[in-house]
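Student: To start, I am sharing the structure in question, which I have written as structure tokens.
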Amino acid sequence: MEDFMLPCLNKSLFGVDCFGCGGQRALLLVFKAEFTQAFLMFPAIYPILFLLAFLILNLFVKFKYDFLIKITLIIMSGAVMLISYLIKMNQLIQLTQ
């Protein structure tokens, strides 16, 4: 399965991780039931999977506040991605100094 993963274009061109770096590997770790390793690889994997599950469920079941739930899940996923990216970049800066 690892042979079919797409390379990160941002990392290939500029040598710097992007916001989504580790997402494919984390998803593969979730499929292998290595949940802690998946979280450590890409902390936003679980909010994104929860958002995806809600979007699929919402196709069949309509909720009263579905738009608000979707927006909240999108913002939460983005916030986790941003915070984990900033922490990763801060650690990288600390290592290079």
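The values are calculated or read from the model by the stated rules, or taken from the named source; none is laboratory data. No experiment lies behind these values; they were computed from the predicted model shown. Quick reminder, even Gly has a Cβ in these numbers, built from the backbone with ideal geometry, and neighbours come from all protein chains shown.
Student: Can you pull out the residues in region 1-19 that are touching a helix residue (DSSP H, G or I) at 6+ places or on another chain (Cβ under 8 Å) and surrounded by fewer than 15 Cβ atoms within 10 Å (Cβ to Cβ)?
Tutor: Just the residues of region 1-19 that are touching a helix residue (DSSP H, G or I) at 6+ places or on another chain (Cβ under 8 Å), to begin with: 1-2, 5-6, 16-19.
The answer is Met1, Glu2, Met5, Leu6, Val16, Cys18.
Student: Six or more apart or on different chains, Cβ atoms under 7 Å: show the pairs whose first residue is in region 40-63 and over 15 Å from Tyr85 (Cα atoms) and whose second is of a type in the set (Phe, Trp, Tyr).
Tutor: Between residues of region 40-63 that are over 15 Å from Tyr85 (Cα atoms) and residues that are of a type in the set (Phe, Trp, Tyr), the close pairs are Tyr46/Phe39.
Student: Still on this structure, I have one more. Taking region 1-42 as the region of interest, how many residues are in contact with an Asp or Glu (Cβ under 9 Å, 6 or more places away or on another chain), of a type in the set (A, V, I, L, M, F, W, C) and at pLDDT below 90?
Tutor: Qualifying residue count, region 1-42: 1.
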